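Q: What follows is a single structure, and I will ask about it in a moment.
Read the figures in this text as sums done on the coordinates, not as results from a lab. Source: prediction; values computed, not measured. A quick note on method: Cβ atoms are made from the backbone with ideal geometry, for glycine too, and the neighbour counts reach across all protein chains shown.
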Amino acid sequence: MGLVDVVSTLTHVPTLLKLKKGMTPRPLDVTDCYGARVERNAAEYGNQTAFVFEGTSATWSEFNALANRYINTLREQGVNRGDVVSVMMENRIEFLALLIGLNKIGATAALINTNLRGAPLVHCISVTGSVRCVVGAEVAEGVAEVQSELDLAADSYYIVPDTSVDGVPDWGRNLATESAEASSENPEDTSTTTLGETALYVFTSGTTGLPKAAVLSNRRFLMSADMSAIAGLKLTNNDRLYICLPLYHATGLMIGVGAAICSGASVFMRRKFSASNFLKEVREQQCTALIYIGELCRYLTNIPEQPDDARNPLRAMMGNGLRPDVWMNFKRRYGIKKITEFYGASEGNVAFANLMNKDCTVGLTSAQIALVQYDIHNDEIVKDNAGRCIEVQQGEPGLLLGKITPDTVFEGYTDPEATEKKVLRNALEEGDAWFNTGDLMKHVDVGFDLGYAHYQFVDRVGDTFRWKSENVSTNEVGEIINGFDQIQFCNVYGVEIPGADGRAGMAALALADGVSELDVEAFSAYVNEQLPAYAVPVFLRIQGDIDVTGTFKMLKGDLREQGYDISQFDDPAWMMRNGEHQYTPLDDEAVTLINEGRSGF
């Protein structure tokens, strides 16, 4: 432990003390909401820029006035406190103004993924009991296709025009036109909106099954946003955030926009991420903070490096999913001084944040947690003779549980049955209740830490599989494979083989820019050198691109189902046969031998 490490850690003490005071959960009947915070910004920083987007900008006063016109219009047309309004719109200023307006009067916005179509879209609009649906013109076609399947009156649809498309469909009311002459005064309702009211429904990514609507109260929103503003990014009204993540997801909205709302900082916003425009825009817009997802950072490390990449105004970044194999290179290359990696789920009651700026950790938590033993092979929690969970030894990976208390409420989903499935009762003692995160975590030594325990994400339960009597972490294997210079990134998963114990590893690979064909011989040598034999993927699948959700989470469901069955896909596939150390093409004969249990595994 060096003096520099000690001094660096001690510098965070004032912020931690301030955060501890500010993060003590307030009673749910206290009046506060993020709509009220916007009104405060309009009063204190009215003439300062709030949002910059596609060549346009809005000050805090202008933004607050737009939110007021929207909600005063909707309220006159029947939207009241407690009502749910589905909102489906790409990142833009109008989207955020609508959310602020709804929040001011205690209505709930259901944030619809703009990529949804068909049955999943119908499900998300219907499951929340929405009384209105507000749609951006840029995604209106998707809603038009399912209107007949939705239980909404014809006059319940509103369209918000967009410069990216011509005109407004005639099946929806033009919200811009109808709100143009509405009052821009703050609604009186804001002063009575409480922390306990439901602010948002945020949907899970839906990598398997239909998305679930997670309940987000004003208290949870503001606690996350304040944490980001005060300790994660240390923002003032002179900072500017760079946000290119989808705002229907909690990371971009709560950690990013929420932090700006709670500090008065401004936001440069994009509809979608662009690696080629990233540095140019950061420099032009003088962005001092970045909101990230791990794979976004991987993209930015894969583009050709320039000697002046670190010449930019970014000083801090906050997000999740930054893997250790990218962390240090990204930090060095782009000159980032502070990385606040966090861990949390939209519906969860426990969160971690790397508030002390330690490398390669999700940091610490104020919640009461437990790491308990988990049987990877049988995909179940290990219990003692009394039926209780067994806590792991320090440093060992375990299933993360968050204790449910009055201060750490599990707000759950709109579906009570789905909510109850995530709760473990009588886990460590009679009468207790814990939120099952479904994630494996471990305690890590980060040096001088003022007595705060730090943790590291290991893997998602189900993403760790057992092969050759050993546990294989898809996360760890993926980090190693991504270190091969011809790989842009990969998706690792386990597939069943008839007659074999456990699951064989398979990796879907996306090749780096400029690489037309994988050097199979060199790659074979690399994985055999870098990975233990049991962790070397048995199968490879070369994909043009890796399927991800809107938040860059890699999709594994279809890949697992297709497995090594080459009749279900056209991608080139390779196999490392039992006892060999070189990948060879996977053909019909090999698949037949595997299916008949004659492959030797």
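Q: Fully extended, how many nm does the chain gain between THR24 and GLU76 (0.36 nm per residue separation, minus their Cα-Cα distance)?
A: Numbers: separation 52, 0.36 × 52 = 18.72 nm, distance 3.72 nm.
Once the chain is fully extended between THR24 and GLU76, it gains 15.0 nm.
Q: Run lengths n ≥ 4 of DSSP H only: what is the helix-derived mean residue ellipticity at 222 nm for the chain, with -39500 (n - 2.57) per run over all residues, to the nearest 500?
A: Values: 18 runs with 164 residues, N = 601.
The per-residue figure over the chain is -7500 deg cm²/dmol.
Q: Can you classify region 195-320 as rounded, prolate or oblate using the Cα gyration tensor, where a ≥ b ≥ c are the square roots of its eigenvalues, rounded means a/c under 1.5, and otherwise it's prolate if a/b beats b/c and oblate if not? Write out the running numbers ahead of the final one.
A: Working: a/c = 2.63, a/b = 1.39, b/c = 1.89.
Cα axes put region 195-320 in the oblate bin.
Q: Report the charge-dipole magnitude of region 369-460 in Debye, nearest 20, computed about the Cα centre from +1 at each Lys and Arg Cβ and -1 at each Asp and Glu Cβ.
A: Working: 8 positive and 18 negative charges, 4 e Å.
It comes to approximately 20 debye.
Q: Still on this structure: Give, as ranges by residue number, the residues of region 285-302 whose backbone N falls under 18 Å from the point 7 Å along Cα→Cβ of ASN329.
A: 293-302
Q: Any chance you could run the full-extension gain for ASP166 through GLU380? It's 0.36 nm times the residue separation minus the Cα-Cα distance, nm to one decimal. Display every interim value, and only then the final one.
A: On the way: separation 214, 0.36 × 214 = 77.04 nm, distance 5.32 nm.
Taking ASP166 through GLU380 to full extension adds about 71.7 nm, to one decimal.
Q: Now for a separate question. Loop by DSSP (not H, G, I, E, B), at most 14 other beta-carbon atoms within 10 Å: where is the longest site-free stretch of the chain for GluC sites (Glu not before Pro)? List each step's numbers first, then the result.
A: Working: sites that count: GLU54, GLU145, GLU181, GLU185, GLU305, GLU429, GLU430, GLU517, GLU580, GLU596.
Between exposed loop sites, the widest span is 306-428.
Q: Could you give the Stokes-Einstein D for the chain in µm² per second, using the C-alpha Kirkwood radius, 20 °C, 1.002 mPa s? Each step should come with its number before you reach the end.
A: Numbers: Rh = 25.6 Å.
The diffusion coefficient I find is 84 µm²/s.
Q: Sticking with this structure for a sec: Counting other C-beta atoms within 10 Å, which of ASP189, ASP570, ASP151 has the fewest, and how do the rest follow? Provide the component values of the computation, followed by the final result.
A: On the way: ASP189 18, ASP570 7, ASP151 10.
Fewest-to-most ranking of ASP189, ASP570, ASP151: ASP570, ASP151, ASP189.
Q: Which value, in debye to the nearest 20, gives the size of the charge dipole of the chain about its Cα centre, when Lys and Arg are +1 and Asp and Glu are -1 at the Cβ?
A: 2060
Q: Given an 8 Å cut-off on Cα distances and at least 6 residues of separation, report the relative contact order of the chain as a percent. Display every interim value, and only then the final one.
A: Values: 1263 pairs, mean separation 59.4, N = 601.
Rounded, it is 10 percent for the chain.
Q: Could you tell me which residue out of GLY447, GLY579, VAL165 lies farthest along the dipole of the chain toward its positive end? Charges go on the beta carbon: Lys and Arg +1, Asp and Glu -1, centred on the Cα centre.
A: Going by the charge dipole, the pick is GLY447.
Q: Let me ask you something else. How would you rank MET254, MET506, going from fewest to most other Cβ atoms within 10 Å of each one's own Cβ?
A: Working: MET254 28, MET506 24.
So the residues, fewest neighbours to most, are MET506, MET254.
Q: I need the calculated FRET efficiency for the pair THR56 and VAL515, taking r as the beta carbon distance and R₀ as 41 Å, to the nearest 0.05. Don't skip to the answer; put the middle values down first.
A: Working: r = 39 Å, r/R0 = 0.95.
Result of the calculation: an efficiency of 0.55.
Q: If you don't mind, there's one more thing I want to ask. Pick out, from ALA110, GLY78, MET89, the residue whose Cα sits farthest towards the positive end of the charge dipole of region 46-114, with +1 on the Cβ of Lys and Arg and -1 on the Cβ of Asp and Glu.
A: Result: GLY78, furthest along the dipole toward the positive end.
Q: For a paramagnetic label modelled at 7 Å from the Cα of LYS442 toward its Cβ, which residues of region 313-344 fall within the zone defined by backbone nitrogen distances under 20 Å?
A: 321-328, 341-344
Q: Okay, next question. Within 10 Å of each residue's Cβ, count the other Cβ atoms and sort TYR526, TYR583 from fewest upward.
A: Values: TYR526 18, TYR583 22.
Going from sparsest to densest Cβ surroundings: TYR526, TYR583.
Q: Compute the distance from the alpha-carbon center of region 159-182 to that of region 429-500, in whole Å.
A: 46
Q: Rounding to the nearest 20 debye, state how big the charge dipole of region 464-595 is about its Cα centre with +1 on each Lys and Arg Cβ and -1 on each Asp and Glu Cβ.
A: On the way: 8 positive and 22 negative charges, 111 e Å.
The dipole magnitude comes to about 540 debye.
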